[in-house]
Each structure stands twice: as C-alpha cells, then as structure tokens.
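Heads up: the structure comes next, in structure tokens.
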C-alpha cells in the first residue's frame with residue numbers, strides 16, 4: 001500500500017486542506033494527516049483540539065488517519081513507514097519555501113520523496129491564517145472550513161475580541 005504523510009499545523013483545518021487530502025487519495029492508498037506540535041507559529045488551538053477538529057472533519061474517509069507528532073517530520077514519517085510526504089502548493093512563494101523543506105528532508109532521509117499537488121483553484125487564496133484573520137474581524141467564513149470547525153473558530157475568535165476589548169477598556 002502506498003501511504004503518504006501530510007504534515008502541517010492545521011490551525012484549523014480548512015476546506016483547502018480537505019480538498020488536497022481528497023485529491024491525494026487519488027494517488028495514495030492511505031494518508032496520515034500529521035498535526036505538528038512543534039511549530040514556529042503560535043497556534044490558536046491546542047494540539048489536542050487541532051487533532052480532534054481534523055479527525056471529525058475527515059471521519060467519513062476511512063483511508064485517512066489523523067495523528068499528532070513532535071520533532072522532525074521525516075523522523076515521524078519514517079516511523080509510520082510512509083512512501084512520501086504530501087504537500088500542497090498555492091503560489092510560487094509556496095514552492096520556494098516547500099522546495100527548501102523538501103531538499104532538507106531529502107538530506108536527512110535520502111529515500112523520502114515529497115509529492116506536491118497544486119491546490120484546487122477555488123482554494124488558492126485560503127490559508128488557516130487568512131481564515132482566522134477574517135473570523136477575528138467577524139467576517140463570513142462559511143464554506144472555507146469544515147462544518148465542525150466553523151462554530152468553534154467563530155466562538156474562539158469572539159472570545160479573543162472580547163478579551164482584547166476588556167484589556168483596552
């Protein structure tokens with residue numbers, strides 16, 4: 001069986017992520033969605049919350065497993081016996097960053113392949129960061145995140161807005 005690892009912070013998982021996973025299943029028999037504990041970003045959701053949100057969003061797909069991990073992605077990938085890392089590309093700027101990461105991963109584990117899939121055109125502008133920014137301002141995020149994520153994200157962002165308002169008052 002061909003199994004790929006799709007690593008990321010998934011803070012939160014978006015419909016762009018879901019689309020990439022679904023399309024990745026056309027190439028791979030199984031996909032492990034690897035939710036990173038270690039990230040230079042400051043996540044809005046805890047590791048446990050990010051894993052739970054992604055697990056619920058992907059529950060209907062038996063060929064997808066969601067797992068948390070810490071440390072180097074290639075080390076975790078090796079332990080999971082995957083044949084490739086799956087990554088999505090939205091723009092040229094994504095490619096530059098992802099290319100560097102892929103080359104470092106190859107340096108660390110020469111046999112580890114990285115497979116890039118272009119994001120579906122309707123998700124080109126979507127990232128977790130952009131979705132959180134819109135939600136933080138009370139904007140409409142319907143259709144951008146899975147149905148289980150939307151109310152939780154909106155509530156979390158509302159709480160952040162209220163806390164910010166209380167601090168500035």
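Values quoted throughout were computed directly from the atomic coordinates according to the rules given, and no laboratory measurement underlies them. Not measured: the values here are computed from a predicted model. In this analysis, Cβ positions are derived from the backbone assuming ideal geometry, glycine residues included, and neighbour counts consider all displayed protein chains.
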Review point. Given 10 Å bins starting at zero, what is the percent of C-alpha pairs of the chain in each, up to the one with the largest pair distance?
Key: 10, 37, 36, 13, 4, 0
Check your understanding: Cα axis of helix 47-57 to longest principal axis of the chain: angle in degrees, 0 to 90, nearest 10?
Key -> 80
Check your understanding: Given a Förster distance of 22 angstrom, what is the FRET efficiency for residue 130 paired with residue 22, based on the Cβ-Cβ distance and rounded to 0.05?
Key -> 0.60
Check your understanding: What angle do you read, to the nearest 10 degrees and between 0 and 90, between the alpha-carbon axis of helix 150-168 and the longest principal axis of the chain?
Key -> 50
Exercise for review: For helix 92-108, report the angle its Cα long axis makes with the longest principal axis of the Cα atoms of the chain; keep it between 0 and 90° and round to the nearest 10°.
Suggested key: 50
Point to revise | Pair residue 42, residue 115: separation of 7 Å Cα→Cβ label points (nm) | key: 3.7
Check your understanding: Label-point separation (nm) for residue 161 and residue 103, each offset 7 Å from Cα along Cα-to-Cβ?
Key -> 4.4
Point to revise | 121, 97 arranged by Cβ crowding within 10 Å, fewest neighbours leading | key: 121, 97
Check your understanding: For the chain, what is the mean residue ellipticity at 222 nm derived from helices alone (per DSSP H run of n ≥ 4: -39500 (n - 2.57); sum divided by total residues; nearest 500 deg cm²/dmol)?
Key -> -13500 deg cm²/dmol
